[in-house]
Amino acid sequence: MPKTATRQTKTAEKPGSVSSNGSGKGASKNSAKMKSDVTDKVNRNEAQAEYKDRKKHQLESIKKTDKELLREMLYQMVLGRIFEQKCAEVYRIGKIGGFCHLYIGQEAVGVGSIMATTRDKDFVITAYRDHVQAMIVGITPEAVMAELYGKSGGNVGGKGGSMHMFSKEHNFFGGHGIVGGQIGVGTGMAYAQKYKESGGVTLCFFGEAAVNQGMFHESLNMAQLWKLPIIYICENNQYGMGTSQKRAMSIASIAAKAEGFGMANEFVDGMDVMAVRDATLRAIERARKESQPTLLEIRAYRFMGHSMSDPGKYRTTEEIKKYQERDPIILFKDSLKEAKVFGDKDFEEIENQAKEATEKAVKFAEESPLPDEKELFTDVLA
Ligand SMILES: Cc1ncc(C[n+]2csc(CCOP(=O)(O)OP(=O)(O)O)c2C)c(N)n1
Ligand SMILES: [Mg+2]
């Protein structure tokens with residue numbers, strides 16, 4: 001039987017008047033009180049106990065995993081972090097325009113899940129927070145950075161930008177800006193895999209706010225009915241722009257929603273890369289062997305604003321700090337060190353390698369030419 005979520009169902013709090021666009025505009029004088037109603041309180045003892053618990057799990061899982069793979073997993077997490085810190089830096093000086101949503105704090109979700117797939121046959125589709133996932137599937141940091149710069153060397157020729165990374169060669173089908181839109185497309189991709197008997201599975205990522213869209217419910221119903229080889233990965237970073245999940249969803253558990261469709265589901269700790277990997281491997285096996293879908297609710301936290309233009313007035317610094325103390329990269333390094341797999345020298349080497357790759361990507365993006373004018377008329381479907 002599918003594993004069910006362990007979180008308690010909870011009645012929604014009253015909708016508040018805090019702006020949902022993340023700008024903080026329209027926040028009433030009650031906003032401080034409302035902010036404290038929905039933001040998490042810090043309990044040090046509880047946080048430390050949780051940290052120990054996670055480490056225990058990681059150590060057990062690390063022991064069973066190949067050293068080279070562990071190194072690559074850590075490298076991808078560190079690269080994602082350093083690359084995006086650079087994105088923020090160059091965005092602020094006007095090198096990147098338009099929307100730019102960073103993944104900082106959520107790296108364990110992308111690395112733990114995508115690196116559990118078989119890259120030449122499994123598909124990935126995601127929302128607009130897509131730079132790091134694009135690199136995990138194998139699109140080069142150069143091609144991702146040049147895309148962010150709107151340059152011709154970008155992975156879609158500079159015409160997609162931050163939200164529309166895409167590479168058929170890497171089985172990476174976007175990068176989508178319509179909240180929840182990719183859930184229907186991903187379901188269709190899994191249908192094609194089953195129809196063609198390719199043996200592949202689809203990982204379909206979306207945020208927790210997308211779960212309130214009709215597309216989520218229609219797709220899950222269909223996937224279960226048709227037994228599609230798909231893994232729905234809800235990256236629950238607890239906020240949809242400036243709105244806390246607690247203020248927008250009638251029940252707290254997203255994993256539990258799968259029960260309504262008779263679908264297998266798990267609630268996963270998104271700060272623990274090995275827990276994400278283990279849960280994804282279980283779901284992949286279910287999809288490949290039994291052609292059954294799964295919903296994974298992976299709970300993480302976004303350390304930065306919704307996008308680069310979000311001043312983040314809707315949550316407390318205390319809450320952000322609480323989650324930064326559970327940084328998935330620090331936790332993974334601690335566990336790897338304790339398991340005597342890697343030491344400080346290895347970490348330094350990995351960090352330098354990621355810094356070098358990021359610098360190379362920026363240089364490439366700076367030097368890459370803008371798209372040719374004639375490109376205005378190519379790939380236009382309307
Ligand atoms: C259909 C639709 N409605 C509204 C928006 C505006 N919008 C962009 S991002 C966002 C919040 C989505 O939050 P979530 O799904 O939790 O993903 P996260 O940004 O946290 O990764 C909203 C409402 C949109 N892009 N598409
Ligand atoms: Mg969210």
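What to note about this one:
- Local net charge near residue 219, Cβ-Cβ under 15 Å (Lys/Arg +1, Asp/Glu -1): +2
- Ranking 113, 166, 219 by how far each Cα lies toward the positive end of the dipole of the chain (charges on Cβ) leaves 219 at the top.
- Lys, Arg +1 and Asp, Glu -1 on Cβ, resulting dipole of region 212-332 about Cα centre, debye, nearest 20: 120 debye
- Ordered by the number of other Cβ atoms lying within 10 Å of each residue's own Cβ, fewest first, 355, 168 fall into the sequence 168, 355.
- Exposure proxy shown here: for 103, 75, the number of other Cβ atoms within 10 Å sets the order, fewest to most, as 75, 103.
- By the helix-only formula, in which each DSSP H run with n ≥ 4 contributes -39500 (n - 2.57) and the sum is divided by residues, the chain has a 222 nm mean residue ellipticity of -14000 deg cm²/dmol.
- Which of 206, 77, 262, positive extreme of dipole for the chain (C-beta unit charges): 262
- Based on alpha-carbon atoms, the Kirkwood radius and the radius of gyration of the chain give Rg/Rh equal to 0.95.
- Relative contact order, percent, region 270-340 [alpha-carbon distance under 8 Å, six or more residues apart]: 40 percent
- Inverse mean reciprocal Cα-Cα distance (Kirkwood Rh) of region 240-382, Å: 19.8 Å
- Kirkwood Rh, Cα atoms: Rg over Rh of region 104-238: 0.96
- For the chain, the Cβ-based charge dipole about the Cα centre amounts to some 1140 debye (Lys, Arg positive; Asp, Glu negative; other atoms uncharged).
- Between residue 289 and residue 217, full extension at 0.36 nm per residue minus the direct alpha carbon distance yields a gain of 23.5 nm.
- Pairs of Cα atoms nearer than 8 Å and 6+ residues apart set the relative contact order; for region 144-224 it is 19 percent.
- Per-residue Cβ neighbour rank within 10 angstrom, fewest leading, 56, 313, 340: 340, 56, 313
- Rounded to the nearest 20, the size of the Cβ-charge dipole of region 56-174 about its Cα centre is 160 debye, with Lys and Arg at +1 and Asp and Glu at -1.
- A simple spin-label model places the labels of residue 376 and residue 356 4.2 nm from each other, with each point 7 Å out along Cα-to-Cβ.
- Relative contact order for the chain: 27 percent, from Cα pairs under 8 Å spaced at least 6 residues apart, divided by residue count.
- Cβ-based charge dipole, the chain, positive-most Cα from 242, 332, 100: 242
- Amide H contacts of residue 264 (H built 1.01 Å from N, in plane; Pro and chain starts excluded): 295 sit under 5 Å, all sequence-distant by 5 or more or on other chains.
- Mean Kyte hydropathy of -0.5 or more with a Cα span along the axis of at least 24 Å, helices from DSSP in the chain: 67-92, 273-290
- Secondary structure note: in the chain, about 10% of the DSSP beta bridges are antiparallel.
Only the coordinates and a few stated rules stand behind these numbers; no lab work does. Quick caveat, the model's predicted, so the values are computed rather than measured. No Cβ is skipped: glycine too gets one built from the backbone with ideal geometry, and neighbour counts run over all protein chains shown.
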